[in-house]
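Notes for the one structure printed next.
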Amino acid sequence: MDDVDRTILSMLQRNADIPGKVIADAVGLSTSAVERRISRLKQDGIIEKIVAVVSAKAVDRPLSILVELEIQNEHRHTLEQFQRWLDRAPEVQCCWYVTGDVDFVLLVAVRTLDDYNAFIDRLMGEQQALVRKYKSLIALKTIKRSLELPVDE
């Protein structure tokens, strides 16, 4: 990856809808050369996915809750099954398997506390044999929301 690729990545992270011509002008290449580079970045797995970042408020999911989960055991089969369950849960925006006092941290987006309680009831009902305990952290205010990563050397 060279400086041109880094510039392309930076521009796409700020606005994935930016026209290829604008990127081409910024990096001093033709539009087709930029498109080839973007295709290569996708093929190489550097660009994993192009998405639209949707306003949680606009789709009536204004409540963001971080959930720390501690599980009973970490057997491979059990972990895989639990991860599939989390992947299918529409409320779960992000899930991290972490080190420390807890095993998983989830970012859950819901409309209301009742919706969150329904999610927890489903989690504890369907995964009761696995989940030892959980802790909820309700976000009061979003200070920063970004998926942008630094791409400098």
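The values are calculated or read from the model by the stated rules, or taken from the named source; none is laboratory data. The model shown is predicted, which means the values in this text are computed figures rather than measured ones. Cβ atoms come from the backbone with ideal geometry, glycine included; neighbour counts cover every protein chain shown.
Observations, loosely collected:
- Residue match in the range 72-83 (condition: surrounded by 15 or more Cβ atoms within 10 Å (Cβ to Cβ), in a loop (DSSP other than H, G, I, E, B) and modelled with pLDDT under 95): no
- Where a residue in the range 140-153 is within 16 Å of Ala109 (Cα to Cα) and its partner, wherever it lies, is at pLDDT 90 or above and not in a loop (DSSP other than H, G, I, E, B), with Cβ under 8 Å and at least six apart: Thr142/Ser64
- Scope the range 28-48; condition among the small types (Gly, Ala, Ser) and within 16 Å of Ser10 (Cα to Cα); matching residues: Gly28, Ser39, Gly45
- For the range 90-116, a tally of residues being in a loop (DSSP other than H, G, I, E, B) and either in contact with a Cys (Cβ under 7 Å, 6 or more places away or on another chain) or buried (at least 16 other Cβ atoms within 10 Å of the Cβ) (or both) returns 3.
- Subset of the range 23-56 [of a type in the set (D, E, K, R), in a loop (DSSP other than H, G, I, E, B) and farther than 30 Å from Leu140 by Cβ]: Asp44, Glu48
- Residue-level analysis places Leu69 outside the set of residues that are assigned to a strand (DSSP E or B), farther than 28 Å from Arg14 by Cβ and in contact with a Leu (Cβ under 6 Å, 6 or more places away or on another chain).
- Selection of the range 4-35 for residues being surrounded by fewer than 14 Cβ atoms within 10 Å (Cβ to Cβ) and in contact (Cβ under 8 Å) with a residue 60 or more places away in the chain yields only Arg14.
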